[in-house]
Every structure is written in C-alpha cells, then in structure tokens.
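Take a look at the structure set out below.
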Amino acid sequence: MSKRQKLILKIAAAVLAFFTALHVFFSILPYPELDLFLKRDFSTRVYDRKNNLVQITPLQNGLRREFISSEQIPRKVKEEFIKAEDKRFCFHWGFDPFAVGRAFFQNVSNKKNVSGASTITMQLAKIINDSYNNQTNEYRQGVNRNLTNKLNETICALKLEARFSKDEILELYLNSIPFGNNVEGIQSASRLYFSKDVKDLTDEEITTLAMIPRRPSYYSPESKYKYPFYMPHLVRYLGENNYFLNAKDVQSKTYRSSMPYEVHLSADLELQRYAQECADNAIRRAKDSRISNISVLVMDVQTGHVLAWVGSNNFLDEESSGQIDGVRFKNQPGSSFKPLLYALALDKGIVKPTDIIADVPKEFGIEKAYIPFNFNNRFNGPVSLRVCLASSLNIPAVYLLDKLGVDVFVEKLEDLHFSNIKEIAHYTQLGLALGGGEVSLYEFLPAFTVLARDGKYIPLRFLSDKYHGSVNKTEPVEVYSEDSARIVADFLSEKNARSLGFGYYQTFETDYPSIFKTGTSNQYQNITALGATPRYAVGVWMGNFSGETVIGKTGSSLPASVAKKILDYLENFDDKESLNFSQPEGYEKVQVCQVSGMKPGPNCVSSVYEYVKKGEEKTACTWHRSEDGKTVVHYPNEYQYWLEMNNGLYSSDHVKIDYSAMPLKIVYPRNDAVFYLESNKKQQRLNLEVTGGITDEIQIYIDDSYYASKRRPFILQIPLEKGKHKCKVICGNQENIVFYEVR
C-alpha cells in the first residue's frame, strides 16, 4: 500500500471517528422536548367486531391525530413527501449543507426570503419544540428569533438523527404534520380532504396531500368529512374506565402513547343500528305516555360479549338529557328480581318445583307490617310455583323472600355483582322481592343470563376475541346449581304458565325457546324487559331520566316488544334445535294434581307435568275427596279469607274448609304489629282474620271490651285508633290474644 493510500485511509478513519463521536455526543444530549412529544396521545380508531369504523376519538379541542405505522404508510406517500420537502433526506445527518447554500444565495440575490433550507428532520424538530412550548406555555423571545430558532432546530435535528433511523424519523414526521382544519398526520388528513384511508389514495391525491403542509390555510376539503359517531355511550364508558389501555393492536417504533391507536370491540355496528331503530320506533309509539328515553343492552350469553349498547334515544338530544347513559343509569327494576329469588329458593330447598303457593292476602314483618298486592289487585288462591313466577305474582315472591331471609338473598345478589345491594336492602327489606331499590341494565342483564347459562355468571366483555390476557379473560363462576337455573328457565319459557298474569296473547311470544321477565316500578316511571335465548340476551329500559312518571299504566309491553324484535333479528335462521334450553339432570317430569301439586288421586279432576327429583315419592292428593258421590275440594285453612273474597265459593257443595281441625288463631293482625295512620284519610280500619275454633260462633273483644260475635266464615274490620291495643277472640274453651299498636 502506497503512502498516499495510507494517508487517505487515515483521513477517512479520522473523519469516521469524528462523525461517530459527534453522533454519540448528540445522542446523549438531553432532549426533554422529545421525551414529552413521544408521550402525546393520538386519536383512537374504534372498530366493531367486523372491522367497521365506529368512531375516531377526538383529542383536546376536537383535534384529530391518528397514528399509522411506517409499514402501513404506502411507499408512494413516503416518496412524494421526500420529493416535496427534502430530496436528499436519505443522505444528510439532519441538515442539508447544499440546501443551506442554495437558500443563502437565492435570498441574498432577491433581497428577501424566497427559499428555505429546512429538512424533514428540522421540520420535525420544529413540530416537537412547538408542541413542547404549547404544553409548557413557554415562549422564546429574542432579537434574532428566526436565526436562533433555525440554529436550535438544526441542533435538535442532529439529536433526532442520532437517536432514530431514517424510517423512524419519517414515521414521526408523517404522523405529526399539521394539515390545518384541526387535523394532524397523513391518516387524518387523508380522511379530511379525500374521505378515505391513506392506503386508498390515488397518485394525484398523494401529490396534493404533500403540498398542503406548506400553506394549510390555502386548502380546504371539497366536502367536509363526517366523522362516524356510533355507540357514543359505550365508547365513552370504555375510555373512562381504561378498557382501551391494554388493547394495543398497532405498535409504534417511536411513540409511547398511553392510549391505543386502534381498538376492536365485540359490538356489532349493524346490530347497533337495528337496536337504535327499534328504540326510536318505541319512543315514537310512547310519546303520548310521556316517555322520553330508552336504553338497550345486547350481549352474547355464552361469552359475555357486548353486541350492542344504546345508552339513550339520542345522544345529542339535550332536552331529554340524551348524554346520560341509560345502560348504567340506576332504576327500579320492578318484578325483574323474581327469577333470581326463585332460583335461590330452589337451591336452598325452601320450595320444590311441585309446591303450591297461597296467593292470598298476607301480612309480613313484625315491626313494620308489609302487605303486598298483585299488580292487578287480585288474589288467585292456590297457585303452582311455575305459574307464580311466570305470571309474576307478588305475594308468593314476598313469601319466598320472607322464608329465605333478606340477608341470604342479598348475599346471592352480591355474587351476581349488583352494587350497593346491601344499602338498597336495608331500606327496602321484603320489598326487594318486588324490585325495591335501584339497579342498572349493566348489572342486571349479565345476572339474568345466569338462568340461560346453567347457573354460571360471566361479566360483560367489551373487546374483540383478538385480544388476550386479563383485559378480555373471564372465567364462569357458579352462582346457582345447574338444575335450579334450568328449572327457572323452563318456568319462564312456558307460554301457558304466563297466561294467568299476562293472558294468552303475549308481546314476548316467540317461535323459538326464550325466557322473558318484565318489571314496572311502583309509579310507572320505569318499565323494564329482559329476554334471552341460550345464545343471546337483551335488556330494555324505558322511562325518563328526570324520574317523571308516565301517563297511564303503560306496562312492560313496549320494552318487551323491543327485546323480542332484537332477539328475532339475532335468531333469524332455520336451525332451531340448537336453541333449546337444557333440561335438569337430577329431575324428571311426572304428573301432579294441578290444584294441590300432589300425586293425582282418583278424585283429582286435572293434572299437569312438573319436575320431581328422580327417585322421590310423591304423596297422594289429600285435597280432592269423594263425598256423597261428589268430588269435594278441601282447601287448607290459609285459604279461608281468599274463599270469602270470592263470593259464592263458600256456598258451593264442592268446596270445604275443615275449621274444627285447626286451633283458634288470629292470623291478622300479627302479635306486636305496628300500624301507622295516614294523615289524609278518615276512619281507617284493619281487617281481622281468624282461623280455627271448635264451633261456628266466635266472640271478639277489643281492649277487653266486648266488640262483636261472628259466625264463621267472616271478615271483620276494626277501627284504627292511636295507642296500644289488645284483641282477644274466644270460641268455646279456646281463646287467642294479640297486641298491636297504632301510631
């Protein structure tokens, strides 16, 4: 090797060492502006389960800035921006000496600025510094501000070149360029100016897009892009509760945004639109009833995935408080709690499927008398457990809760993830059976689907199955036994069992197996319907966020019709066999007397099939007997008052109650009961109900003073007067005494 060659190698090595040292030097220089810049948030592209665009979330002041990775940016876009802004981008170290020299001579020759020398890296440095100044409210002043800024941008450009590859710098730049009209980055600019994704741009559109950053104010889109705005309540809820944080599909080599650049939901946009249409139609039908809002929640029963979420009739309707999310809004559920109560009563052995419940006037509680009534103010006497639930009778439900215990039911409701249920039960007590207190569709629908999922609870899931890990992982938890859940589902799915409460023509009658439960609050300001098949579930609430009562007794037919339409839409296919609810494995259906629930005897006039535990022997019916060639029904003593209320039954030769076999007892009022006078009523009274006795005549004493004598059967009303009182009844050599107080 010649001396000249050796000299050239030494010079080259020295130059390389110099620039290597310079590179290292600039890489370790602090750059706080960059650190803050890389943490900026981007708009999140929200997609449904089928990749339909749901929303592009705005940043502060409505700014849209979408991220797109370098791999997703078309090569033509990169080439066009390099050509327009920095032809030697790939060959310099942050600033271009040739561009600086050219700009200097052109500006001196023209005695004004006609050309700039900023490279893409320097432009990026300016964007970074401006962003930092905006976030920290800094403003750099100086006599030679332009020159100072240029020098600062050059130094910062060298820092950038020392930290990132050319491809990474270009990714940072193309995702940060301001395009005017409150958008930044090529992806958002492509939507704004051409209403399309950047990958779909034509060559001419790309060329135009590359020219806009020079003078954004000179350009405006031909037609303003309308950003999609679907599922606003759901997207807002997920954002507020950090569901997006662990759902990062698109990763950046450079940015460290806390929010994902795109998210894929489990919801279905097509179904969302249909649910919204059904909701809108229902509101129009209810306008004369003073109902202004509706909410709908749809979920997949087996996975817990949310399929649709309609928070209100119209998110933008300020008059009706449309931004309130009715899915999360707490309302009185009415009778909707009953299936959960019946399933627990079966689990605890409080009742059996064949039991007959007395739907007769009853008083519950001691300190405070609680006397429930059915929604139609009628009493139905002996009713099977199946019909009690399917027809939503109130007295049997309160009876079960009284037997079960409020605390036991509350514990189960906590297992079903109802929030604040202890506080609710504290003031509703037995009224909890009839939907006292307030809960949300968000809580209620996944709890209701337990009955269609063999007693197992799965919380709501919001993101597509493409995400794994804790953000989308749910393990079913057994809350009820499999058989109890299946029995209750069977009760709710039978049309005939619902007829006592709702008639034979029912809004929620379907041509596939389904379960429904409706509820109406005391003042009719909230009406709710829940419906499910083994695959899908729908919850619907209607009312007013203001709590204003509706006009008339609207009932639950409106929300039930919405739930049914959505289930019809989801189950619109030919194969119905897969929709059947599973049968309980530990039970079999056998014939039982329709009146007593016992094994049918020779005198029973009708029978039905009902679930009985396998191997269990049923007692033969003791209610139906043959006397003098006629079948006579001997009702238990608890039906005395009910029979008296139904005029004519006592005079029938086919109906009897054997009073003499029962001890004399004051059934109502209970001992130590407390009653409260209503200030706006005069001559208030309570009913005295007495059972048993050895003779027909019973003497009544109030506060040890003779009051009346009555022959059985009778209903006697006693005046209510403030103070403590004593009631005594005598029949032959038997007597019974109760004490009560009126306040």
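None of LYS422, LYS412, LYS403 is basic (Lys, Arg), assigned to a helix (DSSP H, G or I) and surrounded by 19 or more Cβ atoms within 10 Å (Cβ to Cβ) except LYS412. If only residues of segment 59-87 that are touching a residue at least 60 places away in the same chain (Cβ under 8 Å) and assigned to a loop (DSSP other than H, G, I, E, B) are counted, the one that is farthest from the chain's Cα centre (by Cα) is PRO74.
Remark: VAL605 matches the filter, which requires a residue to be modelled with pLDDT under 90 and touching a Ser or Thr at 6+ places or on another chain (Cβ under 9 Å).
With among the acidic types (Asp, Glu) and more than 58 Å from the chain's Cα centre (by Cα) as the only criterion, which of GLU697, GLU721 stands out? So that I can check it myself, show each step before the final result.
Details: GLU721 fails: more than 58 Å from the chain's Cα centre (by Cα).
So the residue among GLU697, GLU721 that is among the acidic types (Asp, Glu) and more than 58 Å from the chain's Cα centre (by Cα) is GLU697.
Contact map, segment 491-519: residues that are assigned by TED's automatic domain parsing to the domain that holds VAL450 and under 13 Å from ARG386 (Cα atoms) paired with residues that are buried (at least 18 other Cβ atoms within 10 Å of the Cβ) and modelled with pLDDT under 80, Cβ distance under 7 Å, separation 6+ or inter-chain. Pairs shown: PHE491/ALA497. Looking at SER440, is it farther than 30 Å from GLU588 by Cβ and surrounded by fewer than 21 Cβ atoms within 10 Å (Cβ to Cβ)? Spelling it out, it is not the case that SER440 is farther than 30 Å from GLU588 by Cβ and surrounded by fewer than 21 Cβ atoms within 10 Å (Cβ to Cβ). Number of residues in segment 243-287 that are surrounded by fewer than 16 Cβ atoms within 10 Å (Cβ to Cβ), within 20 Å of LEU53 (Cα to Cα) and among the polar types (S, T, N, Q) equals 2. Taking (1) modelled with pLDDT of 80 or more; (2) out of contact with any Gly (no Cβ under 8 Å at 6 or more places or on another chain); (3) surrounded by 15 or more Cβ atoms within 10 Å (Cβ to Cβ) in turn, TYR639 satisfies each apart from (2). The set of residues in segment 172-199 that are in a helix (DSSP H, G or I) and small (Gly, Ala, Ser) comprises SER188, ALA189, SER190. For segment 148-205, enumerate the residues that are charged (D, E, K, R) and more than 19 Å from GLU80 (Cα to Cα). Residues satisfying the conditions are LYS150, GLU153, LYS159, GLU161, ARG163.
Results for (1) within 41 Å of the chain's Cα centre (by Cα); (2) over 30 Å from ASP35 (Cα atoms); (3) at pLDDT below 95; (4) assigned by TED's automatic domain parsing to the domain that holds LEU463, shown as yes or no for each residue.
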| residue | (1), (2), (3), (4) |
| --- | --- |
| ALA162 | no, no, yes, no |
| LYS196 | yes, yes, yes, no |
| ARG215 | no, no, yes, no |
| VAL250 | yes, no, yes, no |
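Could you tell me whether segment 276-297 includes any residue that is farther than 30 Å from ALA532 by Cβ, in a loop (DSSP other than H, G, I, E, B) and not aromatic (Phe, Trp, Tyr)? Looking for residues that are farther than 30 Å from ALA532 by Cβ, in a loop (DSSP other than H, G, I, E, B) and not aromatic (Phe, Trp, Tyr), one finds none in segment 276-297, hence no.
Conditions (1) among the small types (Gly, Ala, Ser); (2) in a loop (DSSP other than H, G, I, E, B); (3) under 30 Å from VAL488 (Cα atoms), marked per residue:
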residue	(1), (2), (3)
SER257	yes, yes, no
PRO260	no, yes, no
ARG273	no, no, no
ASN313	no, yes, no
PHE337	no, no, yes
LEU340	no, no, yes
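Table: residues versus (1) assigned by TED's automatic domain parsing to the domain that holds VAL54; (2) charged (D, E, K, R); (3) farther than 19 Å from ASP402 by Cβ.
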| site | (1), (2), (3) |
| --- | --- |
| ILE283 | no, no, yes |
| MET299 | no, no, yes |
| SER312 | no, no, yes |
| GLU319 | no, yes, yes |
| GLY322 | no, no, yes |
| SER336 | no, no, yes |
| ILE350 | no, no, no |
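Could you list, in sequence order, the residues of segment 200-218 that are over 27 Å from LYS126 (Cα atoms) and surrounded by 12 or more Cβ atoms within 10 Å (Cβ to Cβ)? Before you say what the answer is, go through the steps one by one.
Initially, segment 200-218 is screened for residues over 27 Å from LYS126 (Cα atoms), giving 200-204.
Once the filter is applied, which keeps residues that are over 27 Å from LYS126 (Cα atoms) and surrounded by 12 or more Cβ atoms within 10 Å (Cβ to Cβ), segment 200-218 yields only LEU201.
Of the residues screened, LYS589 is not one that is at pLDDT below 90 and surrounded by fewer than 19 Cβ atoms within 10 Å (Cβ to Cβ).
Exactly one residue out of LEU400, LEU430 is at pLDDT below 90 and either more than 26 Å from PRO476 (Cα to Cα) or in contact with a Pro (Cβ under 9 Å, 6 or more places away or on another chain) (or both), and it is LEU430. Evaluated against (1) in contact (Cβ under 8 Å) with a residue 12 or more places away in the chain; (2) of a type in the set (A, V, I, L, M); (3) more than 26 Å from VAL477 (Cα to Cα), LEU316 falls short on exactly one condition, (1).
Whether a residue is acidic (Asp, Glu) and in a helix (DSSP H, G or I) was assessed, and ASP317 does not pass this test.
The values are calculated or read from the model by the stated rules, or taken from the named source; none is laboratory data. Please read these numbers as outputs of a predicted model, since none were measured by experiment. Glycine also receives a Cβ, built like all others from the backbone with ideal geometry; neighbour counts cover every protein chain displayed.
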